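Student: Quick one: structure below, then a few questions.
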Amino acid sequence: MSFTLTVNGKSHALDADDDTPLLYVLRDELRLNGARYGCGVGQCGACTVLCDGIPLRSCFVPAVSLSGRELTTLEGLRAPDGTLHPLQRAFLDEQAGQCAYCIPGMIMAAAALLRQKARPSEAEIRTALDSNLCRCGSHNRIVRAIQRAAAEMAR
C-alpha cells in the first residue's frame, strides 16, 4: 500500500504492507535507527517515538495507520545544524546509559514529558518512564539526566 509519513518534519512517500510496523519502516526504509527493536509487543519502550508529541511504541503500530500524523524520532530531536538536544547532551553528561539499549526510548519519553511540564518532579519523571524498561539499572542516572536537561531548557 502506498502512503505518506511525516517524520522529523520531512514528508516521505512509502510503499509497505498494511501491517508493517512503523519501526520497520523507520529502520529499513528511512534508515532512522534511533528507535530500537526490543520486545516487539510494545512493552519495553526501546522503540518509542513521538506521534503528535505523544510517546508511541513503534514496534507494533502499522506505519500506514500514521499517515497524516507528525512523527519524531531520536534523530529528529537534534537541531538542524546537528547540535544535540539538551536531553541527549544530559544523558551523555550523566553517563545515563550503561548498555544504552533503552536510552532512545527513555529520551523520547522524557522529551514528551518536558513538552508537557518544564520542571517535573522526580516522581513525575519516574511515572513518565515507568513503562520504559532498563535492564542495567541506570534509572537514577536517567532521572538525573532528565532533571539536568529540564534545568538547562528552563534557562
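The values are calculated or read from the model by the stated rules, or taken from the named source; none is laboratory data. A quick note: this is a predicted structure, and the numbers were derived from the prediction, not measured. FYI the Cβ positions are ideal-geometry reconstructions off the backbone, even for glycines, and counts take in every protein chain you see.
Student: Name the single residue that is surrounded by the most Cβ atoms within 10 Å (Cβ to Cβ) among those in the range 108-155 being in a loop (DSSP other than H, G, I, E, B) and under 15 Å from the mean Cα position of the chain (by Cα).
Tutor: Residue satisfying both the conditions and the ranking: Asn132.
Student: Continuing with the same structure: Condition check: closer than 30 Å to Thr4 by Cβ, outside the structural domain of Val41 (by TED's automatic domain parsing), over 18 Å from the mean Cα position of the chain (by Cα) and not aliphatic (A, V, I, L, M). Does Asp93 satisfy that?
Tutor: The answer is no for Asp93.
Student: Exactly one of these conditions fails for Cys44: (1) loosely packed, with under 13 Cβ neighbours inside 10 Å; (2) part of a loop (DSSP other than H, G, I, E, B). Give me its number.
Tutor: That leaves (1) as the condition not met.
Student: Could you give every pair whose Cβ atoms fall below 9 Å, whose first residue belongs to the range 113-138 and is under 21 Å from Gly42 (Cβ atoms) and among the β-branched types (Val, Ile, Thr), and whose second residue is at pLDDT 95 or above and part of a loop (DSSP other than H, G, I, E, B), counting only separations of at least 6 or pairs across chains?
Tutor: As it stands, the answer is Thr127/Pro120, since those pairs meet every condition given.
Student: From Leu87, Leu92, Leu26, Leu56, grab the single residue that is touching a residue at least 24 places away in the same chain (Cβ under 8 Å), assigned to a helix (DSSP H, G or I) and under 23 Å from Cys136 (Cα atoms).
Tutor: Checking each option against the conditions leaves just Leu87.
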